[in-house]
Amino acid sequence: MTNQKKLSMATLALVVGIGVAVSPTSAEDKAVLRLRAFAVNMSGTGGPRTGSLDIVIERWSTDAEREKLRGLLIEKGSDALLKALQGLKPRAGYIRSSTSLAWDIQYAREHPSGDGRRVIIATDRPMSYWELSTKPRSVEYEFTLAEIHLTKDGKGEGKLVPAAKISWNKDTRTIEIENYGIEPVRLAEVQVEGAKK
C-alpha cells in the first residue's frame, strides 16, 4: 500500500467516522457555534466517500494566540507551531463524524465577509500508530485545516484539508499550505445548528 493510499485511509477515518485518536466531549454544552456539514472525500480509490460532520466551536481563539502562533511559524518553523498549537488551552472546540468520537480543535477564528462570515479552523492531525512508528512522508503533514463560508442565513460551504504542511515563505512573506497532493474534503450543505448568544 502506498503512502498516499495510507494517508487517504487516515483522511477517511477523520472525516467519515472510523475514529482514530479521540478525546471526550464535555457533558456541558459550551458551543458558541455548532455546524453540521455533508462531507465529500474525493481522494482515494473506490470513488467518493461521504458522511455527515459536526463542527462545534466552544471559544474563539484570541488575537494574542494568533500572533503567538504566527510569530513561532516565522521565527522557528512548523515544529514550533505544532507544539504551541497542541498546547493551547482550553481547546477551541471539536470535530466528529456521525460514527466517531471527537477530535479537539485547537484554533478557531471568524472573520466578517461581504454576505456573512468566514470560519477558519486549525488543529493537529490524528496519526495512527503505524505512521508514528514508521515515519513515512505523511508524518510531515501534521495539521488539519478547514475554511467555511457562512451566509447571514446560517448556510454555507467550505473545505477541509485533513493532512496539511504549513510553512512561512520569507520571499513573499506569506503562510503557505501544502496538502500532500490530495484534494481537500468538500464541506457541502453546511448549516448552523444553534449557538449560545
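The HN-Hα couplings worked out from phi for region 151-160 by the Karplus form 6.51 cos²θ - 1.76 cosθ + 1.60 (θ = phi - 60°) are 7, 5, 8, x, 10, x, 8, x, 9, 10 Hz, whole numbers, x standing for Gly and Pro. Distances between placed amide hydrogens fall under 5 Å for GLU58 paired with VAL32, GLY93, TYR94, all partners being 5 or more residues away or on another chain.
Its alpha carbons considered, region 33-109 gives a radius of gyration followed by a Dmax of 15.3, 44 Å.
Classify region 69-124 as rounded, prolate or oblate from the Cα gyration tensor: take a ≥ b ≥ c as the square roots of its eigenvalues, call it rounded if a/c is under 1.5, otherwise prolate when a/b beats b/c and oblate if not. Judged from the Cα gyration tensor, region 69-124 comes out oblate (a/c at least 1.5, b/c at or above a/b).
Within 10 Å, count the other beta carbons around each residue, average over each peptide in 59-67, 117-125, 77-85, and list them highest first.
Details: 59-67: 13.3, 117-125: 20.2, 77-85: 17.1.
Taking the mean over residues of other Cβ atoms within 10 Å, the ranking is 117-125, 77-85, 59-67.
Coordinate-derived values only; no laboratory data. Note that this is a predicted model, so its numbers are computed, not measured. In this analysis, Cβ positions are derived from the backbone assuming ideal geometry, glycine residues included, and neighbour counts consider all displayed protein chains.
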